[in-house]
Each structure stands twice: as structure tokens, then as C-alpha cells.
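Some notes on the structure that comes next.
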Amino acid sequence: VQLVESGGGSVQAGGSLRLSCIASAGTFRSIGVGWFRQAPGKDLEFVAGVSWTGVSIVYADSVKRRFTISRDNAKSTVYLEMNSLKPEDTAVYYCAAANTYYSSRDKNGYVYWGQGTQVTVSS
């Protein structure tokens, strides 16, 4: 499975961005997907995850009520809608595909990773 992220960019605090993650394989529709991020000098951090049906969703506390993850299996795409962005959201955002039906907060639960897309939020 190849994953390609897009939608990153530079915005001011309070702004919004929508990231997309497009998968190459049809099996994408039967696996969990997660978004992670890594800020300079920091560890990889779980952001949000969605199950294969899109019903089971989890978020990091730091993004709850601001970010929304969703998926369109017909398009083999997972989205991350980011609102009320803060400077501390600045990071490279990665999409990852698990080898199970469900997502995980643990990066070790993912097999395939995208190349990442930069999100920069200025104050």
C-alpha cells in the first residue's frame, strides 16, 4: 500500500487546513488508518485514527474538538480536517495504514507510511 499525503501549508493561528491521504491499493478500505505528526526535535505523536468502516474514531487530547478525521473508501482517501490551528500544531503530518481493521495510538501498529506533509502555523 502506498500512501500520499497532501494539503499541508502555512496558515495563521486560528486558521484551517484539510489534509488528504490517498492510498494506492484497494485493500485500504479494510484497514485502519491513523494520522501522526512530528515537530522539530520531538517524537512522533499520534493525532487521530479511524477504523475501516469509519465508525470507530479516536483523537489525541490535544486535538479533540478541533480536528476531524474521516474516510471515503470509494476514493481510498482519509481526511484530516484541522480547525482553530495553533502554533503548537506545526509539524510534519504523516498518514499511516495499519494491518488490522482498527487504528491504534501506537506507531508500531502501522505497517505503511506516507512521506509526510508540512503544516506550519504562525502566531
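The values are calculated or read from the model by the stated rules, or taken from the named source; none is laboratory data. Note that the structure is a prediction, hence the values are computed from the model and not measured. Ideal geometry is used to build each Cβ from the backbone, glycine not excepted, and the neighbour counts take in all protein chains shown. Protein only, heavy atoms only, side chains kept; ligands, DNA and RNA dropped before computing areas. Shrake-Rupley method; radii C 1.70, N 1.55, O 1.52, S 1.80 Å.
Just so you know, in the stretch 7-31 the residues that are among the small types (Gly, Ala, Ser) and assigned to a helix (DSSP H, G or I) include one that is nearest to the chain's Cα centre (by Cα), and it is 30. Scan the stretch 8-20 and give yes if some residue there is within 23 Å of residue 102 (Cα to Cα) and surrounded by 15 or more Cβ atoms within 10 Å (Cβ to Cβ), otherwise no. Within the stretch 8-20 (the criterion being within 23 Å of residue 102 (Cα to Cα) and surrounded by 15 or more Cβ atoms within 10 Å (Cβ to Cβ)), the answer is yes, since at least one residue qualifies. Inspect all residues belonging to the stretch 89-96 and state whether any of them is more than 18 Å from residue 9 (Cβ to Cβ) and at pLDDT 95 or above. Checked against the condition, which is being more than 18 Å from residue 9 (Cβ to Cβ) and at pLDDT 95 or above, the stretch 89-96 yields at least one hit. Any residue at all in the stretch 85-99 that is touching a residue at least 12 places away in the same chain (Cβ under 8 Å), surrounded by fewer than 16 Cβ atoms within 10 Å (Cβ to Cβ) and closer than 14 Å to residue 52 by Cβ? Yes, there is a match, as at least one residue in the stretch 85-99 is touching a residue at least 12 places away in the same chain (Cβ under 8 Å), surrounded by fewer than 16 Cβ atoms within 10 Å (Cβ to Cβ) and closer than 14 Å to residue 52 by Cβ.
Test residue 59 against the criterion of being at pLDDT 95 or above, among the aromatic types (Phe, Trp, Tyr) and closer than 14 Å to residue 3 by Cβ, and give yes or no. Against the criterion (at pLDDT 95 or above, among the aromatic types (Phe, Trp, Tyr) and closer than 14 Å to residue 3 by Cβ), residue 59 does not qualify. Right, residue 86: modelled with pLDDT under 95 and either among the basic types (Lys, Arg) or within 18 Å of residue 6 (Cβ to Cβ) (or both) or not? No: the conditions fail for residue 86. Filter the stretch 22-44 down to the residues that are more than 14 Å from residue 119 (Cα to Cα) and in contact with a strand residue (DSSP E or B) (Cβ under 6 Å, 6 or more places away or on another chain), then identify the one that is most open to solvent (accessible area, probe 1.4 Å). Once the filter is applied, the top-ranked residue is 22. Selection over the stretch 58-84 of residues that are in contact (Cβ under 8 Å) with a residue 24 or more places away in the chain and among the acidic types (Asp, Glu) gives a count of 1.
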